[in-house]
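Chemist: Got a structure for you, written out below as structure tokens; questions coming shortly.
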Amino acid sequence: MNAGWIVLIVVASVAFLVLLTLLIFLPVKIYVTSLFSGVHVSAFRLISMRLRKENYTEIVNSYILAKKSGFDISFNDLEIVSLSGGNPDNIIQGLIAGRNAGLKISYEFAKAVDISGRNVLEVVRESINPKVIEIPLITSTTQDNKEINAKVSLTLKTNLSNFLKGVAEETIVARAVEAVVTKIANTQKASQLLARPELIDKCLFDAEIDENSKYELVSADVIHVDLGVDKNFALEKESLEKSRIINANQLEQRRLVAVAVEQEMKAKAEEMRAKLVANEAEVPKTIVKAIEEGKIKDVVDYYKLQNLQADTEMRRHMIGKKNGVYED
């Protein structure tokens, strides 16, 4: 075998190995797509991206879309965005939507929005079609001590010129709540707000709640406003309840004093009864002593004296009953 055949075999082997490598590692589908789209992407670059486990499909499709849409964006830029955790497809979609809507959006702005975690296409849509935020029920008290409940909705449009450095939606909501609470608190009569709820709308614009924010306040609408608790009535009710508790405590104290006095009287009665029993026990001794001293002749005279006293008491009782008078 001459040298020519050997060289030919070696070249053929190398070509075969290269072709085999391409067939194994080259993402053929996306490569063919780029060729037929008129956008050239090197086969070796696709193999390199596949070996590095990059999202080559998304990058190539975004690059094709950018070129077809007339945007001068390099393949390297889209690859860097993907490696940074961004979404190249969302960026291109946002740029196309912004241009179709007549908005001036640069690639750098779209890239910054995407890196911040927001969907560029969604941001563009919100600048075209404002979104509505419904604020939870706000409650405050007017100067005549009447509670007002108000529910407000805000219509916000994306402010592209201030989107990257402005305050977020949560700050606007907090400002709106503060403005409504202040307006209610500074109102003399609740009837004024009930009759003219548009005063609450006006206070939101006067407070400039969208200052230095990512959004522009398009409109503020009062969904409903109604009367809550009458603070005057609540204070009066609270005062009556306190008075009732005080009176109940005073009555309870008086009852306890009366019970104590009654117990004391019962104790004294028991004491007097005990003394009476003790004194009655001394009667026989006294009778004996009186007989010895000659003051009473005998026991018969003592019992006659007792019978006379009992008869006198009975006659007095009968006379009192006849006259309608009862005597102790």
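The values are calculated or read from the model by the stated rules, or taken from the named source; none is laboratory data. Predicted model, so just to flag it, every value in this text is computed and none were measured. Positions of Cβ are generated from backbone atoms using ideal geometry, with glycine treated the same way; all protein chains shown enter the neighbour counts.
Chemist: From the list K67, K104, which residue is assigned to a helix (DSSP H, G or I) and over 39 Å from the mean Cα position of the chain (by Cα)?
Modeler: The conditions single out K67.
Chemist: Pairs, please: C-beta under 7 Å, at least 6 apart or cross-chain, first residue over 13 Å from I80 (Cα atoms) and in the stretch 46-68, second buried (at least 17 other Cβ atoms within 10 Å of the Cβ) and of a type in the set (S, T, N, Q)?
Modeler: Final answer for the pair search is I64/S34.
Chemist: Which residue out of A66, A15, A43 is modelled with pLDDT under 75 and hydrophobic (A, V, I, L, M, F, W, C)?
Modeler: Exactly one residue qualifies, and that residue is A15.
Chemist: Quick one: which residue in L137, L193 is touching a strand residue (DSSP E or B) at 6+ places or on another chain (Cβ under 7 Å) and buried (at least 18 other Cβ atoms within 10 Å of the Cβ)?
Modeler: L193
Chemist: Considering only the stretch 102-125, how many residues are surrounded by 20 or more Cβ atoms within 10 Å (Cβ to Cβ) and within 25 Å of L154 (Cα to Cα)?
Modeler: Going through the stretch 102-125 one residue at a time, the tally reaches 5.
Chemist: Kindly provide the set of residues from the stretch 70-121 that are at pLDDT 85 or above, under 18 Å from G166 (Cβ atoms) and hydroxyl-bearing (S, T, Y), ordered by number.
Modeler: Correct list: S106 only.
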